[in-house]
Amino acid sequence: MEEEVTRKQVKISDQFYQSVEQVYDFGLDMFGHLQAERYNQKIRNYLDTLPEYYTAYPECPHLATKSRKYRNIFLDAHKIIYRVTTERIEVLDIVHSKSSITKIRNVRKIRL
């Protein structure tokens, strides 16, 4: 018997929007318009799944808590880090997969 997951509202931080713009610009410079658009669409598709499938993604190993409230979605070269609260899902940032542990831990300080 599957546990029913409550659908939650998603709130996205300004930092996430800034980082996505940087990822897009980098992709545009390195890979061209088509690839940058595809990657951007992939990010949007993952965000669209969050209201229902936020528990499907693993806990962020560098932000471990008893409640497992910090989770991440792995993309090709990045990870989307979000926090699950009782009221909503807070998308905090998108960081490169090879980012320093310090940079990843600083994501906790993002407030919405």
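Under the condition of being among the basic types (Lys, Arg) and assigned to a loop (DSSP other than H, G, I, E, B), which residue from the stretch 60-105 is farthest from the chain's Cα centre (by Cα)? Here the answer is LYS66. Scanning the stretch 1-48 for residues that are at pLDDT below 95 and of a type in the set (Val, Ile, Thr) gives VAL5, THR6. Among the residues of the stretch 97-112, the one identified as within 25 Å of THR6 (Cβ to Cβ) and exposed (fewer than 12 other Cβ atoms within 10 Å of the Cβ) is ARG111. For the stretch 3-59, the tally of residues that are free of Cβ contacts under 8 Å to residues at least 24 places away in the same chain, of a type outside the set (A, V, I, L, M, F, W, C) and part of a helix (DSSP H, G or I) stands at 19. Entry remark, the stretch 61-96: residues being exposed (fewer than 12 other Cβ atoms within 10 Å of the Cβ) and closer than 20 Å to TYR17 by Cα number 1 in total.
The values are calculated or read from the model by the stated rules, or taken from the named source; none is laboratory data. Worth saying up front: this structure is predicted, and the values here are computed from it rather than measured. For neighbour counting, all protein chains shown are included, and Cβ atoms are generated from backbone atoms with ideal geometry for every residue, glycine included.
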